[in-house]
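Data first, discussion second: the structure below is written as C-alpha cells.
The values are calculated or read from the model by the stated rules, or taken from the named source; none is laboratory data. If you're wondering where the values come from, they're calculated on a predicted model, not measured in any experiment. Cβ placement follows ideal geometry from the backbone for every residue including glycine, while neighbour counts extend to all protein chains displayed.
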Amino acid sequence: MFGATRTRGSERLAYYVGGTLPGEKKQINIELRDEEAEGIYANFAVLTHSPAEFVMDFIRILPGAKKSRVHARIVMAPPNVKAFLKALEDNVKKYESRHGEIKAVGKQEPGKQIGFQ
C-alpha cells in the first residue's frame with residue numbers, strides 16, 4: 001500500500017513496509033526525481049551472481065545495431081532479490097488477470113534466447 005504526492009518537480013512516495021515485529025508497519029518516504037521518473041527502456045538483461053550479491057545489467061539493443069551498452073546496473077543482496085522476485089511474480093499475475101496472458105515471443109530454445117533470460 002502506498003500514497004503519492006507531487007512536489008516541485010519531484011514525486012514523493014510514502015511506502016508502508018514490514019517492521020521488526022509481526023504485523024508492524026513502518027512508513028518510509030522515498031523521493032522520485034525527474035531524472036529517474038522518466039525510466040530506462042531495456043529489452044535485454046544479463047544477470048550474474050556471487051555468494052554475496054546479484055548483479056542485473058539492463059541493456060537496450062536496437063535493430064541493426066552492431067553494439068549496445070548497459071543503461072542501468074542494479075546490485076542487490078540475495079534476500080532482497082528473493083523479495084523482488086515475489087513482488088514481480090505477484091505483479092505479473094495481477095497484470096495477466098486484467099490484460100490476459102503475456103505470451104513469450106518466438107520459439108523458446110534453451111541457450112538460444114534473445115532478450116530477458
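Out of the strands (runs of 3 or more DSSP E) lying entirely within region 1-102, which hold 1 or more residues that are modelled with pLDDT under 90 and polar (S, T, N, Q)?
Qualifying strands (runs of 3 or more DSSP E): 2-7, 10-18, 25-32.
Being of a type outside the set (Val, Ile, Thr) and within 14 Å of the chain's Cα centre (by Cα), is that true of even one residue in region 61-71?
yes
State which residue pairs qualify: first residue surrounded by 10 or more Cβ atoms within 10 Å (Cβ to Cβ) and inside region 88-100, second residue not hydroxyl-bearing (Ser, Thr, Tyr) in any location, beta carbons under 8 Å apart, and separation of 6 or more residues or different chains.
That search, which allows pairs on different chains as well, returns 92/102; 95/102; 96/102.
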